[in-house]
Amino acid sequence: MISLSDLRQFKAQGRKFSCLTCYDSSMAKAMELAEIDSILIGDSLGMTVQGHDSTLPVLVEDMAYHTAAVRRGNQHAMIMTDLPFMSYATLEDALKNARIVMQAGAQMVKIEGGAWLSETVQNLTRNGIPVCVHLGLTPQSVHVLGGYKLQAKSREAADQLIADCRAVVEAGAAVLLLECVPAQLGKEITELFPHTPVIGIGAGAETDGQVLVVQDMLGLSFGRVARFVRNFMKEQSGETAILDAFKAYHQAVQNQSFPAREHTFQVEL
Ligand code: KIV
């Protein structure tokens, strides 16, 4: 089973790693067969599974239920689970809720924010819970951000994001996840933290790992699709199409043909 130390080793070796969201056991098995390196049980399940229009209604119990289902289907990937909206607002809540998803099968929890999470990161880490901090476009704060849009578009905003990354890494964050930021910033942050794997979604081609929402890369998202998404199902046919799409994604991340320039945000900072 892939662990945090493997992700660190992949970074040291310059070997890019694949990550997909997953919420159920049969998809998890297909991802195991395709050797996807890491799985995120994302609170995006609020939209993709539950049909809500944001991640805000998702509960810790939902995350634990889907984490356990995914773990039963996959013994290969490193599993990371989101702590949902308002479930880590206090140190006590963070610890109590992280315990629930870790006991369901997660190897790491993901929380959204910046420097203000330092104490939470430190407390979880001290208690044996590795933490991934999600920065940039943080969907749980959609009402503060005013929509799902590109973040850190100016040098000043990029430097603020770097300061946030530094604070959480110093507090013990094991992994950073950057969403919807200029490709140049994704590269800068990946290089600035040589021992911290950085996963990107719409953060350019230079991050250590890439993640996509599984429905997006299978062409199952209806309506507007984000610039950073590539539909890997389009190239497949026949009864193994889903498995082949996962294999194609894993390969494209490893050989860096995904993300291509058209999937990235090119902004001069
Ligand atoms: O919940 C989720 O699926 C995520 C990804 C968009 C990274 O956080």
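The values are calculated or read from the model by the stated rules, or taken from the named source; none is laboratory data. This one's a predicted model, so the numbers in the text were calculated from it and none came from an experiment. Glycine also receives a Cβ, built like all others from the backbone with ideal geometry; neighbour counts cover every protein chain displayed.
Before moving on, here are some points about what is shown:
- Every pair of residues 6+ apart whose Cβ atoms lie under 8 Å, when the first sits in segment 38-53 and is within 11 Å of the ligand (Cβ to nearest atom) while the second is of a type in the set (Ser, Thr, Tyr) and modelled with pLDDT under 95: Thr48/Ser221
- Qualifying residue in segment 120-127 (condition: more than 19 Å from the chain's Cα centre (by Cα), away from the ligand (no atom under 15 Å from the Cβ) and surrounded by 15 or more Cβ atoms within 10 Å (Cβ to Cβ)): yes
- Of all residues in segment 154-197, those that are more than 13 Å from Pro130 (Cα to Cα) and in contact with a strand residue (DSSP E or B) (Cβ under 8 Å, 6 or more places away or on another chain) total 13.
- Residue within segment 127-137 that is in a helix (DSSP H, G or I) and farther than 12 Å from Met80 by Cβ present: no
- Sole exception among (1) outside any loop (DSSP other than H, G, I, E, B); (2) within 15 Å of the ligand (Cβ to nearest atom); (3) not aromatic (Phe, Trp, Tyr) for Ala167, by number: (2)
- Qualifying residue in segment 180-198 (condition: loosely packed, with under 15 Cβ neighbours inside 10 Å and among the polar types (S, T, N, Q)): no
- When residues in segment 175-222 are screened for being part of a loop (DSSP other than H, G, I, E, B) and within 16 Å of the ligand (Cβ to nearest atom), 12 of them pass.
Residue by residue, here is whether (1) at pLDDT below 95; (2) within 16 Å of the chain's Cα centre (by Cα); (3) basic (Lys, Arg) holds:
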| residue | (1), (2), (3) |
| --- | --- |
| Pro194 | no, no, no |
| Gly204 | no, yes, no |
| Val214 | no, yes, no |
| Phe222 | yes, no, no |
| Arg227 | no, no, yes |
